[in-house]
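Notes to accompany the following structure.
The values are calculated or read from the model by the stated rules, or taken from the named source; none is laboratory data. Keep in mind that what you see is a predicted model, and the values were worked out from it rather than measured. A quick note on method: Cβ atoms are made from the backbone with ideal geometry, for glycine too, and the neighbour counts reach across all protein chains shown. All accessible areas refer to the heavy atoms of the entire protein, side chains included, with ligands and DNA or RNA removed. Shrake-Rupley method; radii C 1.70, N 1.55, O 1.52, S 1.80 Å.
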Amino acid sequence: MAQYKNGSYLNKSDNAAYDTKHAPGSEAPNAGIYRCVACGDEIGIAKGHKLPPQNHHQHAPGAGKIEWQLIVFAQQKK
Ligand SMILES: [Zn+2]
């Protein structure tokens, strides 16, 4: 599970970007931390970089398919 120390650096948001599940190998639409819906593994990734494909993240048989869901969005200044 993602961790933090100072909660004043994080804002809660209901943005729909947090609801979308992304396939392995697809481009991350936002910079931030993503978690695998099936196993809870987490990664940090830059915007536009490819989410880890199947062969970078093995599941035990029957653990379900890999899908990445945004959990923390890194917000850049405009
Ligand atoms: Zn996983």
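Computed 3J(HN,Hα) for region 65-78, one whole-Hz value per residue from the Karplus formula 6.51 cos²θ - 1.76 cosθ + 1.60 where θ = phi - 60°, is 7, 6, 9, 9, 10, 5, 10, 9, 9, 8, 9, 8, 5, 6, glycine and proline marked x. For region 1-65, trypsin sites (Lys or Arg not before Pro) meeting the loop criterion (DSSP other than H, G, I, E, B) and having at most 13 other Cβ atoms within 10 Å: 5, 12, 47, 65. Among residues other than residue 27 with Cβ under 10 Å from its Cβ, the summed charge is +2 (Lys and Arg +1, Asp and Glu -1).
Around the amide H of residue 67, modelled in the peptide plane, lie the amide H atoms of 37, 38, all under 5 Å away and 5 or more residues distant in sequence or on another chain. Solvent-accessible surface of region 21-73, taken per residue with a 1.4 Å probe and all protein chains present: 57 Å². A viscosity of 1.002 mPa s and a temperature of 20 °C, combined with the Kirkwood radius over Cα pairs in Stokes-Einstein, give a translational diffusion coefficient for the chain of 161 µm²/s.
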